[in-house]
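The values are calculated or read from the model by the stated rules, or taken from the named source; none is laboratory data. Remember, it's a predicted structure, so these values are computed and weren't measured experimentally. Neighbour counts run over all protein chains shown; Cβ positions are idealised from the backbone, glycine included. SASA here: full protein model, heavy atoms, side chains in, ligands and nucleic acids out. Shrake-Rupley method; radii C 1.70, N 1.55, O 1.52, S 1.80 Å.
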Amino acid sequence: MIIKNAEFLKSSSKWQECPEPKRAEYAFIGRSNVGKSSLINAMMNHKDLAKTSQTPGKTQLINHFLINEQWYLTDLPGYGYAKVSKVKRKDFEKLITNYVLNRVNLVNLFVLVDVRHAPQKIDLEFMQWLGESQIPFSVVFTKADKLSAGNVNKNVEVYRAKMLELWEDLPHMFITSAEKKIGGDEVLSYIDQTNQILVKNKVRFDG
Ligand code: GTP
Ligand code: MG
């Protein structure tokens, strides 16, 4: 997919404030600091469309972008950031779960995980919850530039094996690096194909 247009629309503190759900929506989610905002920028070929930071907890609101005047791309706050207060962490969790469960035009969630780490309980539990809630999702490995290709593949295999303990079928998986601009095109192709399937099946969100 060629990105002709990527426009920031709105930051929302709850799902009820999000832009009208009249277009297909794809959202990036995952632990704080995993690289959600950076990957959005890399995919959109834009240095600072989404705000990034070395300090975890940068994205605190639901951020909507309108892509090619056609579909929404959403940058969500990270979950599981230990250094904020318990109350604040709970607030973020509530914001995320309410968004996921109530956003009627959400077509697919991309769950980002840092490819350097062994499968983390918090991510596996989150995906388990998505499965139980029947929310379609894909896994996006981030920061592939920080490992050798061999170690990237090794870690992805470990992840697949771990997920197969819990799942019969594996979700789509993508290997990416925002730094080296790897894998973003595959994610965009997937979104493009999904949009085409929606059109073919006459699924519309604009009434
Ligand atoms: P929150 O908004 O806090 O949840 O974080 P986030 O998931 O949006 O992460 P963000 O994109 O802000 O990136 C966090 C840090 O990781 C920044 O210092 C980025 O430069 C770095 N980073 C993100 N993606 C990559 C990548 O592909 N490679 C490398 N080497 N660093 C990355
Ligand atoms: Mg962010």
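The table below lists the values:
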{"quantity": "Percent accessible area from carbon and sulfur atoms, the chain, protein chains only, probe 1.4 Å", "calculated": "48 percent"}
{"quantity": "Long pairs among K90/K181; K154/K180; K58/K162; K4/K181; K94/K202; K4/K47, criterion Cα-Cα beyond 22 Å", "calculated": "K90/K181; K58/K162; K94/K202"}
{"quantity": "Fraction of antiparallel bridges per DSSP, region 100-207 only, in percent to nearest 5", "calculated": "10 percent"}
{"quantity": "Amide H contacts of V113 (H built 1.01 Å from N, under 5 Å, at least 5 apart or other chain)", "calculated": "V140, F141, T142"}
{"quantity": "Cα gyration tensor shape for region 95-193, rounded if a/c is under 1.5, else prolate or oblate", "calculated": "oblate"}
{"quantity": "Size of charge dipole - region 17-117 - debye, nearest 20, with Cβ of Lys, Arg +1 and Asp, Glu -1, no other charges", "calculated": "480 debye"}
{"quantity": "Part-to-part distance (alpha-carbon centres) for region 3-67 and region 128-207, which is given in Å", "calculated": "17 Å"}
{"quantity": "Alpha carbon convex hull of region 64-140, projected area averaged over orientations, nm²", "calculated": "6.0 nm²"}
{"quantity": "Longest to shortest principal axis, alpha-carbon extents of region 30-69, angstrom", "calculated": "30, 18, 15"}
{"quantity": "Three-way shape call for region 1-42 based on the alpha-carbon gyration tensor, with the a/c threshold at 1.5", "calculated": "oblate"}
{"quantity": "Pairwise label distance in nanometres, K51 with S133, each label 7 Å out on the Cα-Cβ vector", "calculated": "2.5 nm"}
{"quantity": "Restricting region 8-40 to trypsin sites (Lys or Arg not before Pro) in coil, as DSSP defines it, with at most 14 other Cβ within 10 Å", "calculated": "K14, K22"}
{"quantity": "Order by protection proxy (mean Cβ within 10 Å, highest first), peptides 128-140, 178-190", "calculated": "178-190, 128-140"}
{"quantity": "K202 paired with V84, simple spin-label distance in nm, labels 7 Å along Cα-to-beta-carbon", "calculated": "4.3 nm"}
{"quantity": "For the chain, share of DSSP beta bridges that run antiparallel, in % to the nearest 5", "calculated": "40 percent"}
{"quantity": "Rule-of-thumb Rg ratio for region 137-207 [Cα; 2.2 N^0.38 Å; N residues]", "calculated": "1.38"}
{"quantity": "Of M1, T97, L170, farthest towards positive along the dipole that unit charges on Lys, Arg, Asp, Glu beta carbons give the chain", "calculated": "T97"}
{"quantity": "Within region 1-113, percent of DSSP bridges classed antiparallel, to nearest 5", "calculated": "50 percent"}
{"quantity": "Under 18 Å from K200, Cα to Cα: aspartates and glutamates that are on another chain or at least 8 residues apart", "calculated": "E25, D192"}
{"quantity": "Unit charges on C-beta of K, R, D, E only; dipole of the chain, Debye", "calculated": "600 debye"}
{"quantity": "Length gained when the stretch A149-I122 is fully extended (0.36 nm per residue, less Cα-Cα span)", "calculated": "7.2 nm"}
{"quantity": "22 Å tail of the calculated P(r), the chain, as % of Cα pairs", "calculated": "47 percent"}
{"quantity": "Cα gyration tensor, region 6-89 - rounded (a/c under 1.5), prolate or oblate", "calculated": "oblate"}
